[in-house]
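Report on the structure given below.
What follows draws every value from the coordinates through simple rules; no lab data is involved. The structure displayed is predicted, hence computed values, not measured ones. In this analysis, Cβ positions are derived from the backbone assuming ideal geometry, glycine residues included, and neighbour counts consider all displayed protein chains.
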């Protein structure tokens, strides 16, 4: 049955390899299970939003599982979905405060009775409507035509840009790259920190096994880094002279990481957030721009991820991504389901590249990820231990990023009208710290350079229209996001 539906042999894979790929993808994105409730509940910022931490945890897992299962069975792609990073921060730091201000004004004016709704309920309603619009665009095939309008050079630039981006995320998570006054980032002066040691050991193990083409290299690296982190966390407190040094005392290992005391626990109830979105007040005039903003972010985060991983896995045929409509629909349904469950925009995860690099080539990889997301709330202590300590999975992100960089070889560097927009896209993704914003810059520059070079007819009309919309987004809509 698995062979018939997923065509494993035709894709040069098998069930064990798909399982390993699914496990790899899940482990590299498991941090969202911990980070998402921290962000949405406001605990990360010390400002409670009203959303229940436990409910958001379960909502994150359930919505991720449903969306990923649809992607695996319906679209048959090895791409996992979950509430997106970036969208969750806009949800908490921009959307909820805006909804709160509007709600207080309406209560003072007597148009809404106090206690009948909340800012976070209105915000969930906004996410719901953005997902519905997303689904309509997908079913009409508009997004599929958008994918086909992107040139091969731009697609490969997107893949390479994402590779650089996730490598940066890995280096930052491992505390190798840090922020600094007067400059964007710099190499950490604390390279003897336990965090860097855990990362470096994980990187060397992963790279060594990967170079020898040993299956499961990334999982082995994550497992090794986890064991080392647990061991260091137990041993360091027994060495007072070492434990009291500033570099050790302030490390993530000592401040954030705690070995799991139990492997299993009951999943938190989703009742505090389930179906609590306010669909009436989410259509208030001040909320409309946010519906469009979240629609845009979801469209282009998904576009970037789908193109990037498709290039990496070799799915693209005749400049087209097979079953693109199904893949895009899975993403849209995920956002709608996520809003109902009680979490922010669900989108395709760039960490899916880790599983693809591990050999995942069919939807069975996504099905495995979905099953693990359903089991995750019952293994919350273990997931929290791995997911809350970034140095454990940082090496996986760096290795995958290096593999995705091979796409730069497919860019037409001898054609300036292709090379310059491609370079803008790659650097835009990294330096704007956003896949969506990087794509926006590249898609604006691409038709403009083509037109100025006298090659305007090579650009599909859809790209010109998209450039105008994206320019308006960057000039006007971004102001609403702060």
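Of note:
- Estimated FRET transfer efficiency (residue 274, residue 109; beta-carbon r; R0 35 Å; 0.05): 0.70
- If you take the alpha carbon atoms of the range 30-145 and fit the smallest convex hull around them, that volume is 131 Å³ per residue.
- Semi-axis lengths, Å, the range 339-391, gyration tensor of Cα atoms, sqrt of 5 times eigenvalues: 20, 17, 13
- Taking each residue as 0.36 nm, the span from residue 320 to residue 139 lengthens on full extension beyond its C-alpha to C-alpha distance by 63.5 nm.
- Dimensions (Å) - the range 79-133, Cα atoms, principal axes, largest first: 47, 22, 17
- Each stretch of four or more DSSP H residues adds -39500 (n - 2.57); spread over every residue of the chain, this sum gives -19500 deg cm²/dmol at 222 nm.
- FRET efficiency for residue 283 and residue 451, using Cβ-Cβ distance with R0 set to 51 Å, rounded to 0.05: 0.85
- Subtracting the Cα-Cα distance of residue 15 and residue 412 from 0.36 nm times their residue separation leaves 139.2 nm of extension gain.
- Distribution of pairwise C-alpha distances over the range 195-279, 10 Å bins, in %: 15, 31, 23, 20, 11, 1
- Convex hull volume of the C-alpha atoms in the range 137-208, normalised per residue: 169 Å³.
- Dividing the C-alpha radius of gyration of the range 220-359 by 2.2 N^0.38 Å, with N its residue count, gives 1.54.
- Sorted peptide list for 306-318, 20-32, criterion being average Cβ within 10 angstrom, highest first: 20-32, 306-318
- For the pair residue 244 and residue 211, label points projected 7 Å from Cα toward Cβ lie 4.1 nm apart.
- Fewest-first sequence of 87, 104, 384 by Cβ atoms within 10 Å of each Cβ: 104, 384, 87
- Ranked packing of 106-117, 408-419, most packed first, by mean Cβ within 10 Å: 408-419, 106-117
- Debye log10 I(q)/I(0) for the chain, one point scatterer per Cα, at q = 0.05, 0.13, 0.14 Å⁻¹: -0.18, -1.27, -1.44
- Potential lengthening between residue 3 and residue 420 on full extension [0.36 nm per residue; Cα-Cα distance subtracted]: 145.8 nm
- Whole-number Å³ per residue for the convex hull built on Cα positions in the range 331-425: 157 Å³
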